[in-house]
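Presented below is the structure to which this report refers.
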Amino acid sequence: MHKTLPEARALAHDIRQGLTENLQAEVVLAPPFTALDAVATVISGSPLRLAAQDAFWEKQGPFTGAISPLMLKDLGCCYVIVGHSERRQHFGETNEMVNRKVKAVLAAGLDPILCVGETLKARQTGLTLKRVAEQLREGLDGLPPEAADHLVIAYEPVWAIGTGQTATPAQAQEVHYYIRGLLPQILGRADIRILYGGSVTPDNAASLLQEPDINGALVGGASLKADAFLKIIAAAGP
């Protein structure tokens, strides 16, 4: 929940201007709902793509304050972040609710970025893999195998979000490897992009992205400043 319209336009403009010509990484911006249209205009014609931070599972109806995937598609979104830890923590989203959102996003022709991750208590009590498995299995329940073509997974340890703490590359890789092993059991495929999210910065991005099962980053606070975000993009390769 950052950026007024002028601020969002300026940030998107600076990111667009700072991209290198030989960019190979896919770069997606996820501003708040209020700035989606403005940012879509700024990035039009560039390699940058647009994502929403959330969506409701119904197409329309008496759901005051909710935004449907069809509305987001109409604004130019390609992706929707679903089940972010802050949605689970502050708004009480359950795995069942997240699953309904994933299905609705896919039905609208958009690609969900499904977030999974454990709390500090879960990690300290050795429940990391169990919690991640529950969120993954229940979040993807009932999806056909072809959904794998339009799915991104983001592993975000809750204890590392906005805290300055970051999972070490080895810790992150361990969970990414575990997720990679679960995906064939759930969707029949392992070749699905898995992002790491949790205090990603210009200083740690390269070491995280070097791990074999980390395919990208879900960047939080560091994306609010163009120079920091551009350095993270550069860490993904030319």
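The values are calculated or read from the model by the stated rules, or taken from the named source; none is laboratory data. Source: prediction; values computed, not measured. When we count neighbours, we look across all protein chains shown, and the Cβ atoms used for this are built from the backbone with ideal geometry, even at glycine.
Here are a few things to note about the model shown:
- Checked across the stretch 179-200, the condition of being within 22 Å of residue 23 (Cα to Cα), in contact with a Lys or Arg (Cβ under 6 Å, 6 or more places away or on another chain) and buried (at least 17 other Cβ atoms within 10 Å of the Cβ) holds for no residue.
- Considered as a group, the residues in the stretch 164-178 that are surrounded by fewer than 16 Cβ atoms within 10 Å (Cβ to Cβ) and of a type in the set (Gly, Ala, Ser) include one that is farthest from residue 154 (Cα to Cα), and that residue is 164.
- For the stretch 21-50, the candidate set comprises residues that are modelled with pLDDT of 95 or more and among the polar types (S, T, N, Q); within that set, the residue that is nearest to residue 69 (Cα to Cα) is 34.
- Entry remark, the stretch 47-94: residues being of a type outside the set (A, V, I, L, M, F, W, C), out of contact with any Asp or Glu (no Cβ under 6 Å at 6 or more places or on another chain), closer than 22 Å to residue 220 by Cβ and not in a helix (DSSP H, G or I) number 8 in total.
- Flag for residue 156 being crowded, with 19+ Cβ neighbours inside 10 Å, acidic (Asp, Glu) and touching a helix residue (DSSP H, G or I) at 6+ places or on another chain (Cβ under 9 Å): yes
- Sole exception among (1) outside any helix (DSSP H, G or I); (2) under 19 Å from residue 117 (Cα atoms); (3) charged (D, E, K, R) for residue 180, by number: (1)
- Considering 52, 104, the condition of being surrounded by 16 or more Cβ atoms within 10 Å (Cβ to Cβ), closer than 30 Å to residue 119 by Cβ, under 14 Å from the mean Cα position of the chain (by Cα) and not polar (S, T, N, Q) is satisfied by 52 alone.
- Residues in the stretch 102-113 that are under 16 Å from residue 50 (Cα atoms), in contact with a strand residue (DSSP E or B) (Cβ under 6 Å, 6 or more places away or on another chain) and hydrophobic (A, V, I, L, M, F, W, C): 105, 110, 113.
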